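One structure is given here, and the rest of the page talks about it.
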Amino acid sequence: MTVMFWIILALVTVIAVAVVALPILRAGQVRIEPLDHDREVYRARLGEIDHDLELGRISSAEAGAARAEAGRRLLALAGEEAGASADGPRAASGRLALVACAIAIPLISLGVYWQVGAPGQPDQPLLARLSADPSGQSIEALLRRAELRLADDPDDGRGWRVVAPVYLRLGRIDEAVHAYRNAIRTLGETPALQTDLAEALSIAAGGVITQEAHALFSAAAQADPAALKPRLFLAMAMSQAGDFADAIPAWERLIDAAPAQAEWLPLARHQLEIARGTVAGDAPGDPTAEDIEAAGQMSAEDRTQMVETMVASLADRLAEDPDNQAGWRRLIRSYMVLGRVDEARAAIATARGHSDGDAQFTAYLDAAQAELDGTAGGGDQ
Amino acid sequence: MTRKQKRLAGIGSIAVVLALAVGLVLVALRDEIVFFYSPTDIIVEAKTGTGQRFRLGGLVKPGSIVKDGTTVRFVVTDTDHDLPVTYVGILPDLFREGQGVVAEGRLGADNQFAADTVLAKHDETYMPKEVADTLKDKGVWKGEQ
Amino acid sequence: MIVELGHYFLVLALALAIVQSVLPVVGARIGHAGYMRSADWTSVMSALLVAGSFAALTYAYVNSDFSVANVWQNSHSRQPLLYKYTSVWGNHEGSLLLWILILALFAALVAVFGRNLPADLRANVLGVQAWIMVAFLLFALFTSNPFERLDEPPLEGRDLNPILQDIGLAIHPPLLYVGYVGFSITFAFAAAAMICGRIDAAWARWVRPWTLLAWVFLTAGISMGSYWAYYELGWGGWWFWDPVENASFMPWLAGTALLHSALVMEKREALRIWTVLLAILTFSMSLLGTFLVRSGVLTSVHAFATDPSRGVFILAILTVFIGGSLALFAARAGTLRQGGLFAPISREGALVFNNLFLTTAMATVLIGTLYPLILEAFGGAKISVGPPFFNLTFGPLMVPLLLAVPFGPLLSWKRADLLAALSRLYFALGAAFVAVLTVLGLTAGGEVAAALGIGLAVWLMIGAFAEVITRSRAFSGGGSTLRRLAGLPGSMWGTALAHFGLGVTLLGIVAVSAFEREAIDNLTPGGSMTIADYQIELVRVGPVRGPNYVEDVVHFQVTGPSGNRFAMAPSKRVYTARTMTTTEAAIRTIGFSQLYLSVGDINADGSLVVRAWWKYQVILIWLGTLVMVAGGCVSLADRRLRVGAPRPARTRGKRELANA
């Protein structure tokens, strides 16, 4: 390919030089009197005047005047020619120019191309890149390939199911949610897919188990009582909501049912302690971001990063749109889950300013406040 | 007419046309150009009286858009001051909360700006020029780089 | 490989253009036929190279080669194929390449079809054209290179601006560019004429077809651009006096003036200085337009100041070419002989009148376009100059010009009889009066301005054919009237058609401005509104999935005054790659009028704002410009415009290129 490139490049350059050289070499073979062209114009003009007269465009007097004018020009040309032909142009030998061009053209073109071009860089059409040997391709490339296929055939549910966890791993959470939804649309509701979608939704919400996610987990747990994952998240939801009375038995049952090597076992034990501690009024330790991470397959750093980002973006959104009560609820709850007590207090205070006298919302804020006071008090001991 | 008179007549008529054009341009530049103001210019510096046509530029204040049938109310802000705007019609495709906007119209007696034209930026990278400059002056917007 | 070859072709074209900018000019100076002839060859070769380069970029777009930065920035692999093609010139770098391609094609056209030109003039024309080529190739290669590569190509492009994904965009910029750039040839002719000292009637004759060609394309381009903005932007306006529009309108005004003054120069050898100056001015306006559109100075004077490399480059090109040509002009203008004399009332006088008003009008547009920029650059107030300014300045200047148009062709050269000309226009005058009275009667005297405007349009339309009618009567060729009409020269028909088209456009403008109706309402499915006897019912809203967008199509059922029913479906589109919304208006053409529907966002309660316009006779605006274009083409086809080449002494008349 590269050889071909250089051959064509050289060929075209040679043609370019030839294009300049040939006319110079052939110079002087054809000679045209320099003023013949002008004469042709005035002759044509005389013909037109006759034609116009015939058409009645001009009167015969006008035609006469116009003819005289064109005639005068023709005569003047003859005079110029007599003067010019005395020292008619002599063709200089074009050799110097020839050599100069033969050097200048390749020099300029190659020199400039060297500066601005990328010699030998191959074309990289998307299709060819994507259909190249998959083993050598990056995850992004493989994913892109799958995306293109899914765009052509959006009802390929298995395809959606394959790409969804990849999105999740790449941190493209919204797309993961979209993919799981499409998988459910085409493959039907299975407990596994419901669980996965609900998990993605929870991650998208910054680790908070949303209403929709909760419903999905419940449905999955009902359809497949043996599955542990939905129950794990449901227990988490209870802890998050501060419903420790229900959370304690849920965690206990989970720990009993768990296989010994389950990765989330430490998390469950930890959560159980927290729940018990709170109920007993002991220092609670905070339900941290790490707890949420352990539930998924993500690395700890990634998840922390992600949750923090989600919460921060939620806070930003609320700063712009402070009347969004649902948003405030989510933010306050996230702060409480993350143990960022001061920020939770601040958020509650701000949210009060936008409660618009909504009794339900105020009640929620009061409850959250009370809960915070309780935990903070415990922490001070 | 002699040749000289003809020439004078020719030059004279050209001068008349040019004078006419210059006159029109001057009148139009005095009466028909539209000034551009930010909410601060209007509220603090009172640069314009009610009833005068001008362009108001700034950001659409988040959460301020209220639709009522064909009437839209929103607030234009330059982060220092706000000015409420009413507009009847279809907002441009790129009209969004927190984005730059230019509205053309008149200031009503109630200090409400009645816009008859609303322009939003043309694409993702474009900000109406006047808005960009004003916001840059205020250090809010960082520019295109 | 193909992309890099395309890049190299562009660089090689630069090398050839550098040679071409020197060799033929020197050849013409020292009388070396080979040097002069080389320009023909290099012009054709350059055109082929740039065409190859353009094809390579197109190839990269069609195959979504995101290793080319330009392709990555401006396209998307899921784009419909057509828009992959149009993306090529839907961005700064690509459109510049198109600019250069057209520049090269025009030079090649002169090289191939310009055999009737004297060798020295042709060599100089191509030499000057090569100077422009060099300037723009340098600009492209060093500040706006469309072939810049990325080492690690992304897997998806950043999409073309959805507003630009439209068939109108596929057509109008290339047309506009052919017009814009076509005037580079008239500029090259002017500069070459000054270099060889051939500023005479023969020159005017040679330059006219090229001017006409550029004018035809520019007219078509402006018209298409206007229609594109009309239906794509969803605001229902057809001309906004936007700086970008003005940038194409100013060369058009100057070019139209040039077309007319070259006629005087050809027939009477008068107005020589003025014509050459106009040729320079016209191309200067094209360059200025390119500067305004391409430098970013319109987006923000500040943005321009922070990244001025492009703007400064174009400004430098502008200064060098305008300044250089004016200097050349100053050196040569003094050597010109006095041209033919004429009385104020004569064909020449009428054309001077035309030039005076056209250039003055152009100057007002120029002031209105530049004034805000200049004011701001010098730290003054921020203002915008909108339609009211142009209506007040441009409008009044057009009225006397339009009134005078029908007279022009009826006046004889040198000295004419105005009353005799008027006597041939009685019929047009009568028709205009009837039109004014009819409109006044129908509107009960309420629309005086509209009535006068329509009267003026009728005067133009009927008056345009006065010459044809008069001549066909006087023509003694015999036979039927039809035969006699057909026997008239094409240029006469061209003039008549172009002036008629002007009248048609004016009629459309006046009608739509005065009798347009607009209604706006908030509708829910089942609701309806009425505009100009049309009952518009919102039936339902349905989502549709396109290749790279999803849209909510709003279905309407419209019932006309005679009970006829038809469906219309405007929509709101969201392009997924940029999550950008566009409004797709629905337009129904009824006669020369149009019903125009545009919808707003769908509200939470399912209602949406519907804006409806009854655009009375609006089609005439563009139809008129098409008639003008047709007139230009007919005139261009007139064999009399093309003077035969002299037969070379030793080739025995084989090269009868006159009618090639």
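The values are calculated or read from the model by the stated rules, or taken from the named source; none is laboratory data. Keep in mind that what you see is a predicted model, and the values were worked out from it rather than measured. All Cβ positions, even for glycine, are placed from backbone atoms using ideal geometry, and neighbour counts span all protein chains on display. Keep in mind that these areas ignore ligands, DNA and RNA; they rest on the heavy atoms of the full protein, side chains included. Shrake-Rupley method; radii C 1.70, N 1.55, O 1.52, S 1.80 Å.
Miscellaneous remarks
- Listed by position, the helices (runs of 4 or more DSSP H) inside the range C:347-446 whose residues that are touching a strand residue (DSSP E or B) at 6+ places or on another chain (Cβ under 9 Å) and of a type in the set (A, V, I, L, M) number at least 2 are C:347-377.
- Test: residue in the range A:128-142 that is crowded, with 16+ Cβ neighbours inside 10 Å, within 11 Å of another protein chain (Cβ to nearest Cβ), closer than 30 Å to C:I18 by Cβ and touching a residue at least 12 places away in the same chain (Cβ under 8 Å): no
- Where C:T211 falls short, out of the listed (1) open to solvent by 10 Å² or more (accessible area, probe 1.4 Å); (2) part of a helix (DSSP H, G or I): (1)
- Count of the range B:71-83 residues which are farther than 10 Å from B:G58 by Cβ and crowded, with 18+ Cβ neighbours inside 10 Å: 2
- Filtering the range C:589-639 to residues that are farther than 17 Å from C:A519 by Cα, among the hydroxyl-bearing types (S, T, Y) and surrounded by 21 or more Cβ atoms within 10 Å (Cβ to Cβ) leaves C:T625, C:S635.
- Restricting attention to the range B:23-49, the residues that are away from chain C (no Cβ under 12 Å) and assigned to a helix (DSSP H, G or I) add up to 4.
- Residues located in the range C:21-39, provided they are facing chain A (nearest Cβ under 9 Å), in contact with a helix residue (DSSP H, G or I) (Cβ under 7 Å, 6 or more places away or on another chain) and open to solvent by 10 Å² or more (accessible area, probe 1.4 Å): C:L23, C:V26, C:A33, C:Y35, C:M36, C:R37
- Leading residue by the ranking (farthest from the other protein chains (Cβ to nearest Cβ)) among those in the range C:73-89 that are out of contact with any Phe, Trp or Tyr (no Cβ under 6 Å at 6 or more places or on another chain) and of a type in the set (A, V, I, L, M): C:L82
- As a summary of the residue check, C:P400 satisfies the conditions (1) touching a helix residue (DSSP H, G or I) at 6+ places or on another chain (Cβ under 8 Å); (2) surrounded by 15 or more Cβ atoms within 10 Å (Cβ to Cβ); (3) more than 8 Å from chain B (Cβ to nearest Cβ) except for the one numbered (2).
- Residue ID - least open to solvent (accessible area, probe 1.4 Å), chosen from residues in the range A:346-360 that are at pLDDT 80 or above and of a type outside the set (G, A, S): A:I348
- Hey, C:S46 crowded, with 24+ Cβ neighbours inside 10 Å and more than 7 Å from chain A (Cβ to nearest Cβ) or not: yes
- Flag if C:I195 is surrounded by fewer than 24 Cβ atoms within 10 Å (Cβ to Cβ), more than 14 Å from chain A (Cβ to nearest Cβ) and over 27 Å from C:M398 (Cβ atoms): yes
- The condition of being within 19 Å of C:L356 (Cβ to Cβ) and in contact (Cβ under 8 Å) with a residue 40 or more places away in the chain holds for C:T256.
- Restricting A:A235, A:A223, A:A250, A:A260 to residues that are at negative phi, open to solvent by 10 Å² or more (accessible area, probe 1.4 Å) and touching a residue at least 24 places away in the same chain (Cβ under 8 Å) narrows the list to A:A223.
- Residue check, B:R53 assigned by TED's automatic domain parsing to the domain that holds B:T117 and modelled with pLDDT of 80 or more: yes
- Complete set of residues in the range C:50-72 that are out of contact with any Lys or Arg (no Cβ under 8 Å at 6 or more places or on another chain), open to solvent by less than 10 Å² (accessible area, probe 1.4 Å) and facing another protein chain (nearest Cβ under 10 Å): C:A56, C:A60, C:D65, C:F66, C:V71
- Verdict on C:W99 being modelled with pLDDT of 85 or more, part of a loop (DSSP other than H, G, I, E, B) and under 24 Å from the mean Cα position of the chain (by Cα): no
- Qualifying residue in the range C:199-206 (condition: in contact with a Pro (Cβ under 8 Å, 6 or more places away or on another chain) and over 30 Å from A:A146 (Cα atoms)): no
- Subset of the range C:493-525 (residues that are under 30 Å from C:Y575 (Cβ atoms) and outside any strand (DSSP E or B)): C:T524, C:P525
- Selection status of B:K61, open to solvent by 30 Å² or more (accessible area, probe 1.4 Å) and within 14 Å of chain A (Cβ to nearest Cβ): yes
- Within the range C:424-477, the set of residues being within 14 Å of chain A (Cβ to nearest Cβ) and open to solvent by 60 Å² or more (accessible area, probe 1.4 Å) comprises C:R424, C:I469, C:R473, C:S476.
- Which listed residue, of A:D123, A:D155, A:D174, is outside any helix (DSSP H, G or I) and farther than 30 Å from A:T13 by Cα: A:D155
- Within the range A:197-220, being touching a Pro at 6+ places or on another chain (Cβ under 7 Å) and either open to solvent by 20 Å² or more (accessible area, probe 1.4 Å) or within 29 Å of A:L365 (Cβ to Cβ) (or both) holds for one residue alone: A:F217.
- Condition met for C:A421 (within 14 Å of another protein chain (Cβ to nearest Cβ), within 21 Å of C:W252 (Cβ to Cβ) and open to solvent by less than 40 Å² (accessible area, probe 1.4 Å)): no
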